[in-house]
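Written out below as structure tokens is the structure these notes cover.
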Ligand SMILES: Nc1ncnc2c1ncn2[C@@H]1O[C@H](COP(=O)(O)OP(=O)(O)O)[C@@H](O)[C@H]1O
Ligand SMILES: [Mg+2]
């Protein structure tokens, strides 16, 4: 068997006719900060609940530290969960909430450990308060302290920052990441926010309608997405449909509505004749005046600017192409006024390595 | 257009409950209180004094002077009434405890049943109300009497060799009370259990609590208000219950409801019967007031 701390193999979960999880396989190493990313309803919470033991897989296996978890009820699993909107016990004060899972330490031992945990989440002195007298951010930290109390092998966090406002969320992201590095506990965080996933995680698993479609670090997912879904989830992307004409080394020539485009490919990419989509990030396009286009560039395109949007750090151009399609290209703003105006003819180019081929 | 026709009616609406309570609660209580301060008489009505409206203000004076607390002194001094009050309270308290023990698991199981079958279960709890209360208590006579279903069944099974002496005992009254009031315990409890956030149970289990500890430390404390509501809903009417002790309890079950009945109908002592009714009212309003106090203190503490 592998040395993975957590190992899911072909896990499927059906609710009636609904497939909440469809053939999910995943290995997690100890100490990893893993993030499950996907839109609402794609099965993220179900996967967490399955690891925690609240749901049993319809098929497939789940091993934790090499041990099959099938017959283990939630209260005997060495994992803890921080619930979506926290699920703090409303009839207990903060100290009782945090200390609820502590056993065998004696009264004084529990009190000391609770104090230590409250210090860890910067809530010293809040022990006697009731959850409903706390702010959202404080409640979130109580939930975190409670989930960490038993020193779980894996901490599961379901949308931990979802209920916080923007500024608090950015601040808490940094704290959460620092805390994870300090404790060395394996974290699995669920989120529907790609920015959050990229800010937090060592590795991200993207989920789409119950399937785990791609696992990798933020850069891989962004630069080398496996599907159109992943490409679109992590940021704006131009998708240009076409057919592979031929391949030379690691560069494929694709016939598209915009003419021949060259894109870098992996050795296992589809061969000549395959229907593909060329995925191109707007910021990887080089935009110039119409006359700068030369045949020397492998990917030289021409079009007319239809709209310019100033976004602070960058300027987005919508460009109408000869075949009527639209390409979005952004350039860093750098404090300068836009170089183009709507109606200008422009030349677009990009190196083959900037584009990715995706299955159609 | 709206403002012209409505205000009179609209203003009347909040007053309606008070009119209702005034006519059907406050007025009868005042009349009962007045009669309880009168003396029995062999006349029509069977008590004195009677307010003479024609005598004017002096008539009022004499009327008020003639009222006294003699009936309440009787209640306080005669051991019969004290025993009846104590036995009413203790029977109602024991039955409430039984109802909590029997009703809690039923209500909990209902709330944990699949969502599809829950409406059916609630309907099943209510179905007995479609039969007359009297008939259902008579049915218990048929079950509990020495040659009845229970004794016959147990004897056939060989578990006992002589019929049980159940009917006309306090045990029969407790069985009857527990049976008759069960829906009033189950429904409020079901309502709180069903509304509990299931993630709180999950969170407790996640933190290592066994199912038993989850129930005692999370589910039950959070169901507290429902437990109180159910207990009061049963305890209060059970203290004054008449039919069940009368039919199942036999002659030596002393409960205030029966004492009241016999003072009123057998002895034709309306004033003493009214005094018993007032005593009953005080006994059952007491716990209600205490409950309200506790509730207020709890909500304030939470704030
Ligand atoms: N207990 C359940 N019973 C029936 N369907 C469920 C249950 N839990 C989740 N689902 C369904 O499974 C799918 C995935 O849900 P969930 O894991 O909560 O998604 P996410 O957390 O990604 O938003 C949804 O279609 C949801 O309706
Ligand atoms: Mg969710």
Of the conditions (1) away from ligand 2 (no atom under 16 Å from the Cβ); (2) within 26 Å of residue A:199 (Cα to Cα); (3) within 13 Å of another protein chain (Cβ to nearest Cβ), residue A:26 fails just one. Which one is it? (3)
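Got a sec? Which helices (runs of 4 or more DSSP H) wholly within region B:124-226 have at least 3 residues that are more than 14 Å from chain A (Cβ to nearest Cβ) and touching a residue at least 12 places away in the same chain (Cβ under 8 Å)?
B:133-144, B:170-195
Return the only residue of A:31, A:41 being more than 16 Å from ligand 2 (Cβ to nearest atom) and not in a helix (DSSP H, G or I).
Result of the check over A:31, A:41: A:31.
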Index of the failed condition, residue A:132 passing every other in (1) more than 16 Å from ligand 2 (Cβ to nearest atom); (2) more than 19 Å from the chain's Cα centre (by Cα); (3) surrounded by 14 or more Cβ atoms within 10 Å (Cβ to Cβ); (4) within 14 Å of chain B (Cβ to nearest Cβ): (3)
Return yes or no: is residue A:48 within 16 Å of ligand 2 (Cβ to nearest atom) and either assigned to a strand (DSSP E or B) or over 25 Å from residue B:198 (Cβ atoms) (or both)? no
Which of the residues that make up region A:89-101 are more than 8 Å from chain B (Cβ to nearest Cβ) and outside any helix (DSSP H, G or I)? A:92, A:93
For residue A:53, only one of the following conditions fails: (1) within 16 Å of ligand 1 (Cβ to nearest atom); (2) more than 19 Å from the chain's Cα centre (by Cα); (3) surrounded by fewer than 20 Cβ atoms within 10 Å (Cβ to Cβ). What is its number? (3)
For region A:158-166, state whether one or more residues are under 20 Å from residue B:208 (Cβ atoms), within 12 Å of chain B (Cβ to nearest Cβ) and surrounded by 15 or more Cβ atoms within 10 Å (Cβ to Cβ). yes
Counted residues, region A:54-76 - those being facing chain B (nearest Cβ under 8 Å) and not in a helix (DSSP H, G or I): 2
Would you check if residue A:71 is away from ligand 2 (no atom under 14 Å from the Cβ) and in the same structural domain as residue A:178 (by TED's automatic domain parsing)? yes
Looking at this structure, is residue B:294 touching a helix residue (DSSP H, G or I) at 6+ places or on another chain (Cβ under 9 Å), more than 16 Å from residue B:85 (Cα to Cα) and modelled with pLDDT of 90 or more? no
Identity of the residue in region A:33-50, away from ligand 1 (no atom under 12 Å from the Cβ) and crowded, with 21+ Cβ neighbours inside 10 Å, that ends up farthest from the other protein chains (Cβ to nearest Cβ): A:35
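The values are calculated or read from the model by the stated rules, or taken from the named source; none is laboratory data. Predicted, not measured: the structure shown is a model, and the values here were computed from it. Neighbour counts run over all protein chains shown; Cβ positions are idealised from the backbone, glycine included.
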